[in-house]
Amino acid sequence: MALSTAGNGPILSPEQVAGILTVPLQKASIFLSLGVRIIESHGPVRVPLLTGSDEPSWHGENEKIDEVEVDFGEVLLLSPNIKSIKSLNRYSNELARQSVADAITAVQQRMVADVAGKIDTTFFTGDGAVVSGQRTEPLGLLNYTGVQEMTAVGAPTIDDLHDAEGLALGAEVDPAALVWVMNSRDFVNLRKLKDNGGRYLIQPDVTESGRYQLLGHRVFVTNRLPADLGTGTNESNIVLMDPSKIAVARDLAPSLTVLPELFGDYDQGAIRVVCRYDAAPLNPEAVVILRGVTAPGA
């Protein structure tokens with residue numbers, strides 16, 4: 001659909017939004033494509049959790065059965081204080097009239113990249129900004145409490161990777177559901193590692209081009225996991241996780257609105273993008289973080 005000053009309604013239809021923004025965002029955002037659980041809701045979401053129960057016991061014939069206690073908890077998502085991601089781009093009406101196709105393509109690509117990047121950065125590294133005692137932004141995966149950690153890893157070895165898998169298995173995580181997430185520097189360095197048989201640890205997935213496996217688990221690469229944690233230490237994190245144990249609540253899928261007269265005194269229009277998400281772990285122990293990862297020789 002061409003964005004013009006005549007002949008189009010100010011708000012794109014759902015079908016058009018899916019083609020211009022929503023579908024590309026799902027492809028561009030690594031976090032949303034990991035396999036996390038996405039819950040649609042226009043209000044706060046309370047996810048009940050079974051946190052534990054008493055152990056059952058053996059009983060003989062006609063013997064009284066012991067009662068067991070079951071403990072429940074919950075995860076709260078999309079509290080009223082959680083903000084939205086919003087973006088506004090101006091355009092001149094001359095541009096809209098004279099270069100519609102190229103201008104809209106450029107705006108589309110920029111919006112997709114910016115929104116997807118903001119989601120990934122927040123969901124991986126966000127500090128869950130707190131204002132007046134209330135969390136106003138999602139907390140990033142690297143800052144979850146209760147996750148399993150390996151600290152001061154340095155240049156990772158084969159044994160380090162097996163140890164991370166061992167922590168996940170020790171927490172009863174389904175190994176078939178595990179995925180690796182790492183930045184491009186660590187991915188390239190790990191690709192150079194070989195086992196005792198001279199075989200590279202990271203193997204291409206023969207079923208799909210561009211996919212890789214490490215110890216049998218799919219590898220996702222994103223530079224939204226910083227290579228130096230923003231501190232100049234040259235240290236990074238590698239994550240092994242079951243993404244199905246993370247819930248993402250979506251109040252508003254990315255929606256694009258054309259505002260042709262918003263800046264009428266400048267003879268300008270604008271395009272606005274709004275979306276609202278939140279995320280939290282359902283089982284933090286299903287996330288294993290290798291911290292303090294460095295490049296070989298660092």
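Observations on the structure shown:
- Neighbour counts of other Cβ atoms within 10 Å put Arg224, Arg199 in the fewest-to-most order Arg199, Arg224.
- Diffusion of segment 256-298 by Stokes-Einstein, at 37 °C in a medium of 0.692 mPa s and with Rh set to the Kirkwood radius over alpha-carbon pairs, works out to 209 µm²/s.
- Candidate lysines - alpha carbon under 20 Å from Lys86, same-chain residues fewer than 8 apart omitted: Lys27, Lys118
- The share of alpha-carbon pairs in segment 64-192 lying farther apart than 22 Å comes to 64%.
- Förster-model FRET efficiency, 41 Å R0, Asp174 and Ala106, C-beta, rounded to 0.05: 0.45
- Between the residues Leu49, Gly35, Ser255, the greatest Cα displacement towards the positive end of the dipole of the chain, with unit charges on the Cβ of Lys, Arg, Asp and Glu, is found for Ser255.
- The stretch between Ser255 and Ser53, if pulled fully straight at 0.36 nm per residue, gains 68.4 nm over its current Cα-Cα span.
- Two-site FRET efficiency, Asn234 against Ala129, from Cβ-Cβ distance with R₀ of 30 Å, rounded to 0.05: 0.65
- Report summary: the helix-based calculation at 222 nm, which adds -39500 (n - 2.57) for every DSSP H run with n ≥ 4 and divides by the residues of the chain, gives -6500 deg cm²/dmol.
- Unit charges on C-beta of K, R, D, E only; dipole of the chain, Debye: 1560 debye
- Convex hull of alpha carbon positions in segment 145-250: directionally averaged projected area 8.3 nm².
- Net dipole in debye of segment 134-242 [+1 Lys, Arg Cβ; -1 Asp, Glu Cβ; about Cα centre; nearest 20]: 440 debye
- Hull shadow area, averaged, the chain [alpha-carbon convex hull, nm²]: 23.4 nm²
- Rule-of-thumb Rg ratio for segment 214-272 [Cα; 2.2 N^0.38 Å; N residues]: 1.99
Throughout, read-outs are computed from the coordinates displayed, never taken from laboratory work. On a predicted model such as this, the values are computed, not experimentally measured, just so you know. Glycine gets a Cβ as well: all are built from the backbone with ideal geometry, and neighbour counts include every protein chain shown.
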